[in-house]
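Quick one: the structure is below, and I'll ask about it shortly.
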Amino acid sequence: KIVLDLPLSPLDDHKSLMDVLLREGIPVASSCGGEGICYKCTVNYKGEKILSCQKKIKELIGEGETLELTFSYL
């Protein structure tokens with residue numbers, strides 16, 4: 001399990017999880033450029049596999065919450 005403290009701002013709310021992870025130097029595979037068709041950017045979130053390119057930060061985390069992800073490829 002890898003725990004990261006990602007710096008988030010209100011401006012990140014409308015960004016995809018993949019965009020934020022890449023900005024922070026965390027490798028995310030994606031051959032479709034974020035279109036959601038290659039399924040390479042899958043991460044585990046609360047026991048569910050999600051496409052990081054298709055989930056906005058505001059959909060995943062509320063104020064005061066932490067974002068816990070599991071990466072199978074790291």
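The values are calculated or read from the model by the stated rules, or taken from the named source; none is laboratory data. Keep in mind that this is a model prediction, so the values were computed, not measured. We work out accessible area using only protein heavy atoms, side chains counted, and drop any ligands, DNA or RNA first. Shrake-Rupley method; radii C 1.70, N 1.55, O 1.52, S 1.80 Å.
Computing the accessible area with a 1.4 Å probe over protein heavy atoms, can you report the carbon and sulfur percentage for the chain?
49 percent
State in Å² the accessible area per residue of the chain; use a 1.4 Å probe, count heavy atoms of protein chains only, and round to the nearest integer. Don't skip to the end; give the middle numbers.
Values: 4960 Å² over 74 residues.
Ligands and nucleic acids excluded, the figure is 67 Å² per residue.
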